[in-house]
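The values are calculated or read from the model by the stated rules, or taken from the named source; none is laboratory data. The structure displayed is predicted, hence computed values, not measured ones. Here the Cβ positions follow ideal geometry from the backbone for every residue, glycine too, while neighbour counts run over all protein chains shown. Note: areas computed on protein heavy atoms with side chains; ligands, DNA, RNA excluded. Shrake-Rupley method; radii C 1.70, N 1.55, O 1.52, S 1.80 Å.
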Amino acid sequence: MSEKMVKGFLVSKTDTKGKITYCNDAFVEISGFCENELIGKPHSIVRHPDMPRAVFAYLWEHITKGREVNVYVKNLAKNGDFYWVFVNVTPSFDARGQIIGYYSVRREPSREGVQKIGELYAKMCQAESSGGIKAGAQVFGEFFENLGACYEDFVMHLQVGEKLADK
Ligand SMILES: Cc1cc2nc3c(=O)[nH]c(=O)nc-3n(C[C@H](O)[C@H](O)[C@H](O)COP(=O)(O)O)c2cc1C
């Protein structure tokens, strides 16, 4: 299966459970689905099996607390092709401060980021195949502990092609 390159911004919105409520034309096009096959479906419709479960647990842990998150994600197209994205997910709030859904914008990731994160995710998936999500989360935690940086700092630096200071 071949890799697709992301052009522009791939936008989607979900309800609080992660069901798709909106996607832009670029998102629809790269996914290979029709818009009506996406709207109302769980966002995991584009989930690639190479993605560790612990990464999505990390994503949901942030957004359900009202925080934004930036994550490298490998997505699956309808025909089996894949595409890497650097996604920013933010909660949307009502006037009383309650979360009413989530908004996400994906862009082309850096190739160095895909390389490094791809290696980490492969180790996490391997751990998860025998030890479940807990084992994946442990690999994730140990990687950043050894690095002396958090995932957020790591990916933001990778994305702009900077090295982490003194690491
Ligand atoms: C706004 C938003 C955007 C998301 N974008 C993606 C995405 O591009 N790819 C993906 O696999 N999961 C995405 N997710 C996470 C999915 O909701 C889900 O947690 C993930 O696909 C794992 O699904 P599973 O737990 O059913 O295996 C997104 C979630 C939200 C709230």
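Details
- Relative contact order [Cα under 8 Å, 6+ residues apart], the chain, whole percent: 23
- Accessible surface for segment 1-103, divided over its residues, is 52 Å² per residue with a 1.4 Å probe.
- Maximal additional length on extending the ASN36-GLU145 stretch stands at 34.9 nm, based on 0.36 nm per residue less the C-alpha distance.
- Shape category assigned to segment 1-61 from the gyration tensor of Cα positions, a/c cut at 1.5: oblate
- Taking the 1.4 Å solvent-accessible surface of the chain as the whole, the part contributed by carbon and sulfur is 53%.
- Stretch gain in nm, segment LYS65-GLN98, where the contour uses 0.36 nm per residue and the Cα spacing is subtracted: 10.8 nm
- Order of exposure, largest accessible area first, which applies to ARG53, ARG107 with probe 1.4 Å: ARG53, ARG107
- Computed from label points 7 Å out along Cα-Cβ, the spacing between ASP81 and LYS134 is 4.1 nm.
- Here's the picture: a label point sits 7 Å out from the Cα of LYS17 along the beta-carbon direction, and within segment 81-114 the residues with their amide nitrogen under 16 Å of it are 100-102.
- Global form of segment 14-122, assessed from the alpha-carbon gyration tensor, a/c cut-off 1.5: oblate
- Sorting the segments 147-153, 129-135 by their mean number of nearby beta carbons within 10 angstrom, highest to lowest, gives 147-153, 129-135.
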